[in-house]
1. Restricted to Cα positions, what overall size does segment 37-86 have along the principal axes? Three whole-Å values, descending.
2. Determine the calculated [θ] at 222 nm for the chain from helices alone, applying -39500 (n - 2.57) to every DSSP H run no shorter than 4 residues and normalising by the residue count; nearest 500 deg cm²/dmol.
3. For segment 8-76, what number results from the quotient of the Cα radius of gyration and 2.2 N^0.38 Å?
4. Can you pull a Stokes-Einstein diffusion coefficient for the chain at 20 °C (1.002 mPa s), Rh from Kirkwood over Cα pairs, as a whole number of µm²/s?
5. Please figure out what share of the DSSP beta bridges in segment 7-141 is antiparallel and state it in percent, rounded to the nearest 5.
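Where a number appears in this text, it was derived from the coordinates with a stated rule and is not lab data. All values derive from a computational prediction rather than experimental measurement.
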């Protein structure tokens with residue numbers, strides 16, 4: 001999918017175009033993930049419960065898995081923290097993560113055409129994407145004394 005849906009109608013159309021049912025749970029999770037980029041499943045659950053108070057954690061985990069497999073969400077695996085999810089799909093961007101507070105931000109493609117990085121050896125595979133996670137200190141953490149989180 002090459003678009004970044006931003007409304008219930010667009011999400012619904014995207015699900016239908018894939019032959020998937022449109023459910024309140026799926027829409028609530030998509031909207032929560034869109035409002036909270038790079039959020040963990042717990043954060044998405046809390047945000048989605050504002051719309052659907054009876055939403056359960058197992059159903060959110062299943063919806064996140066399904067939406068990631070279908071290409072409507074991107075799952076971001078970061079070291080030493082739970083998986084995070086975003087609705088920014090269909091482009092080749094990377095991430096930078098603060099090593100102190102864990103904040104994650106999007107960064108544009110590093111250099112050149114997608115996938116931005118070309119390995120010396122490909123093992124006979126055609127490279128289609130590269131997941132890059134830069135580590136650094138965000139401005140807020142850099143402005144605080146060592147060891148303190150902003």
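1. Result, largest extent first: 30, 24, 18 Å.
2. Helix-only estimate at 222 nm: -9500 deg cm²/dmol.
3. On the way: Rg = 10.9 Å, N = 69, 2.2 N^0.38 = 11.0 Å.
The reported ratio for this selection is 0.99.
4. Calculated translational D: 126 µm²/s.
5. Taking every DSSP beta bridge with both residues in segment 7-141, the antiparallel ones total about 70 percent.
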